[in-house]
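Working notes, structure below.
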């Protein structure tokens, strides 16, 4: 099952996609934020073109598992997306995804200059991989 994940940000949206078995997440693209409706249309189109059966949207929760302002924005994006596609949508805790993406770049030996800039697609990949791993664990 192909799954697409979104790391929604104020300026950009990172997009990741799984392999056909729904086991491995890979970065796909970074979209510039335009508006919630246009962003949702772009994501829906991308998901449809790639045969996605599920869309996972990262949602930042605080220490008490309550939605942050960014999480509420993610929920509104999910609502806009639901009005544009019949593909199921899941909100998934993205806490720490950017830090994990930064750590991955360091581990892979990326120079400081290459670690600068956005990590939205890598953060989306982290979100998707944690979701896929959690689903695999539940199936065992």
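The values are calculated or read from the model by the stated rules, or taken from the named source; none is laboratory data. Source: prediction; values computed, not measured. We place every Cβ from the backbone using ideal geometry, glycine too, and count neighbours over all the protein chains shown.
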- request: State which residue is surrounded by the most Cβ atoms within 10 Å (Cβ to Cβ) when the search covers only segment 50-59 and only residues that are touching a strand residue (DSSP E or B) at 6+ places or on another chain (Cβ under 8 Å) and farther than 17 Å from residue 130 by Cα.
  value: 52
query: Can you name the residue in segment 107-140 that is outside any helix (DSSP H, G or I) and either loosely packed, with under 14 Cβ neighbours inside 10 Å or more than 18 Å from the chain's Cα centre (by Cα) (or both) and, of all such residues, is modelled with the highest pLDDT?
result: 140
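This table checks each residue for (1) under 14 Å from the mean Cα position of the chain (by Cα); (2) loosely packed, with under 12 Cβ neighbours inside 10 Å; (3) modelled with pLDDT of 95 or more.
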| residue | (1), (2), (3) |
| --- | --- |
| 25 | yes, no, yes |
| 48 | no, no, yes |
| 61 | no, no, no |
| 91 | yes, no, yes |
| 105 | no, no, no |
statement: Pairing a residue in segment 121-140 that is touching a residue at least 60 places away in the same chain (Cβ under 8 Å) with any residue that is assigned to a helix (DSSP H, G or I) and loosely packed, with under 12 Cβ neighbours inside 10 Å, where Cβ atoms lie under 7 Å and the two sit 6 or more apart in sequence or on different chains, gives none
